[in-house]
1. Where does the charge balance sit around B:H146 when Lys and Arg score +1, Asp and Glu -1, over other residues with C-beta under 11 Å from its C-beta?
2. Taking the Cα of B:E635, stepping 7 Å toward and past its beta carbon, and measuring to each backbone N in the stretch B:723-737: which are under 17 Å?
3. Work out how much length B:T452 to B:V801 would gain on full extension: take 0.36 nm times their residue separation and subtract the Cα-Cα distance, in nm to one decimal.
4. Which Cα, out of B:T579, B:A415, B:L470, lies furthest along the positive dipole direction of chain B (beta carbon charges, K/R +1, D/E -1)?
5. Give, in nm to one decimal, the length gained when the segment between B:S280 and B:D34 is fully stretched (0.36 nm per residue of separation minus the Cα-Cα distance).
6. Using a 1.4 Å probe on protein heavy atoms, which residues of the stretch A:39-67 have at least 20 Å² less accessible area in the complex than alone?
7. Taking the Cα-to-Cβ direction at B:R793 and at B:L862 and moving 7 Å from each Cα, how far apart do the two end points lie in nm?
8. Near B:V479, within a Cβ-to-Cβ distance under 11 Å, what is the net charge of the other residues, with Lys and Arg +1 and Asp and Glu -1?
Amino acid sequence: MVLKKVADHYLVPKHEIVSKERVPELLEKLGKSIDVLPKISAEDPAVIEIGAESGDILKISRKSPTAGETYYFRIVF
Amino acid sequence: MLTKKISGIEFSILGPIHIRKMSVIEIKSPETYDKDGYPMEDGLMDHHLGVITPGLRCKTCGQKMKECPGHFGHIELFRPVVHSEFGKRLETLMHATCEKCGRILIEDEKLEELRPLIFNPNIDVEKKILAKTKKLKKCPRCGEAHDTVLLDKPTNFFRGNERIYPTEIRAWAEKIPDSDLEFFGYNSKRVRPEWFVLTVLQVPPINIRPSITLDSGIKSEDDLTHKLVDIIRINLRLKDNIEAGAPQLIIEDLWDLLQYHVTTYFDNNTAGVPPAKHRSGRALRTIVQRLQGKKGRFRYNLTGKRVNFGARSIITPDLNISINELGVPEKVADTLTVPQYLTDENMKDIKQFIKDGKVEYVIRPNGLRKRITETNKEEVLEELEAGFKIERKLKNGDIVLFNRQPSLHRLSMLAHRARVMPGNTFRINPIVCKPYNADFDGDEMNMHVPQTEEGIAEAKELMMVEKNILSPRYGAPVVILDEDGVTGSFILTLESTVFEKEKAMEYLHSIGITELPKPDRGKNYSGKLIFSQLLPKDLNLAYKSKLGKTLEKILSGYVCEPGDKYNTYVQIKNGELITGVIDESSLGEGRGKLVSELAKNYPPEVIANFYDKIGKIVQDIVYKKGVTVGLDEFEMSKEAKSIRTRAIKEEEQIAEKLLKEFEKKTLEIIPGRTLEESFEVKMMQLGARIKSKVETQLMKEKIDALIGENPVFDSKIMIVSGSRGSATNLTNISGLWGQAAVREGRPKKGFYKRLISANKPKDIGVKAGGFIESNFMDGLNPFEYFYHAMGGRQGEVDTGVSTKVSGYLYRRLANSLKDLVVNSDYTVRTPDKRVIQFISGEDKVFSGNSSKGKTMNLKRELKKFKGK
């Protein structure tokens, strides 16, 4: 079976772009600079697929064995 | 975190200009001290170079010993000498350039073709130029003759038989233009080749070559100073001879001698140069020797630092001290000191310390130190007041850190209370061996004494043994009773263990109980009663003991529950052990229900107290009851033997059936495996079935002797209580070994189509596949011995390889995680605040305080709630 999108694979967590309005709020929580965020490559298949561009912040919803679902934020570079 | 970043490091060479500019004084005199012991002016110990005598001030910067970093001086050499480390570089330059015009011996056009290649890391331009110029006889630019220069390592240059003197080399090097030097990788702003020939020698500050005053009052100079004295002496003689117009031959001899001294001053192990010797015949340790190698500055002092206020010794066990205590040898306690501030409150105590000779130094608020001796004791006592600091010897109750390498663990370093003892070893309660992974076969451990109030408080509140019973990794006890501890508790709490009044009193007294409880077995006292005295009065627990679980497995139909036949269900009501035995399921690592309850729900003293007291009782019980092992207990009974024969016969029939199916390829195939693999798996299972049948029988026989009125305490008690050994071990000794295994399967590699040459080719039956019917009591037959060796070999390889591999893997992992911190907003971050996890562990749970990874054990809490 060929998957049409990487996101269809069960191991690929959901990636979504954090809207520009919500970014300052997020950074306020995590500490001023976006340098503190983990990075994700602009060439990452999941990033290309959702059309994120360099500088965007992604919200990644992962399944977690301890917490059910958990969120990670990454900056596209 | 990082406020400054290093963008690069540049190395270059000091030229004569730099050396003179850095120098604070020209050293002219070869004498170090005058008759009265004062440093000679312009000598190597001149106070302009810095001070190392307390109280004196530096003549250059005016600062005292501690503040003055030392200053460089210089020596003007009357004849230049080649720096031995750069001989090779000078040689290449002399090969490639013309002595007359100083240019590279290649025409401009061709030379410029090479210029773009200078910074290409894959091309060695120097090599290319040398290949073109080395054999040339004439300079293509000015037509001057070019002869091959020979380097007689390390510093002598010849053209044919004719010597090239350093003066000539220097003049030659000066002529080479900056633009040509770029081809050899020199940055002409930083390095000029004429600097490879020294005209000025730098003299290091006395701080790096201090003189030592021996007990006899004789001053002994540093090796570097000795060498510098030699250089100055020869330099002066050279000067005198030149000025007196001495013959060329004498001057050259002195010049060579100067070259020798300068060469050995830098590196006393230069190839081709005899090392300079001390008067005693010892080779001098000059600059290169100071830095180079295992004992050099880098590997010895910078990467491997050592600490003060530490001690190291062999550890030995002592059951009579608390788990929080550490037996410190008197020798160690008398050497290590603890600083203590004087207040009005502790004045009396400290005065007593001084009277007892337990104080080494008194330090005034202005930092003045005074050593206390018998003679000035009274005087010191008079002037003592609040605000003074004393340094006293280690005494009982001081907090110390104790550590065993490899420190893989947070728990590899714990705080103990010191207890000064005679002898030369550190004494620890064997219960704390677990977190350190220590034993007493010669292990050595390190002790450190915290020197500040903050350090002491931190160690006491965070690192004490009693506060680290629970593992921060999974929240279950890691400081646990093991081996004899569990065996002893098991025996103590067995139904049949009863003590007479006298013995009971002895035990109760040893745990600090002075009021005798009511006897519960007629006139006698049960072990359970004594054990109950160790439990807090509000403890309520109920669970299956290990013995109960074992019985459930062996005796069909038996269920371990309250009120059953063998009383193996543990019930603790209001701190009283009513039924059940205390074994591994109460005390064991991770599973121990009793200890994890005590450690989690009570203050830390409770568990420490429990361990201290039970340790003492258990020791006595194991001695007195005599836990022992004899050969006869491993003799196989007739029943077991017949079960073994029957089991083997039965399974062999199954094996034959399997074999036939396998040949006809009708064998049921396990999903994901081939036919061959399925057959092998089935044969393995078959072997395991035989073994388990025998194992059950053996355990059944052994357990009977335990539950009865007069139990025998031999190896089986260790197996049943879970303190050491397993039923498999027992089966191996007195039952049968079973199937030999290599990599989870039957051994395959050996001879062509068979394992050992005793088998028929292509035989893949039970016995030809490595099944061992014998046990260690009877001994293995030769064929079985070879099968066993195949499995044994893998075991040896595994222990060797996996400890190495997993050790390194763990080290890498631990190092990568060690600086991560959980912040107050629950994010996990690196020291420079980069986020690793947005929520610690994704659920904010600290596993050290959790119940099996969950914040609470709902079931238990509910039960408690219902109970009330």
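The values are calculated or read from the model by the stated rules, or taken from the named source; none is laboratory data. Small disclaimer: the values here were computed from a predicted structure and weren't measured. Ideal geometry is used to build each Cβ from the backbone, glycine not excepted, and the neighbour counts take in all protein chains shown. Note: accessible area is taken over every heavy atom of the protein model, side chains too, but ligands, DNA and RNA are not part of it. Shrake-Rupley method; radii C 1.70, N 1.55, O 1.52, S 1.80 Å.
1. Numbers: positive: B:K100, B:K134, B:K135, B:K137, B:K138, B:R141, B:R159; negative: B:E99, B:E144, B:D147.
Every neighbour counted, the sum reads +4.
2. B:733-735
3. Numbers: separation 349, 0.36 × 349 = 125.64 nm, distance 4.38 nm.
Fully extending the segment from B:T452 to B:V801 adds 121.3 nm.
4. Sorting the options by dipole projection puts first B:T579.
5. 86.2 nm
6. The answer is A:T66, A:A67.
7. For B:R793 paired with B:L862, the spin-label model returns 5.6 nm.
8. -1
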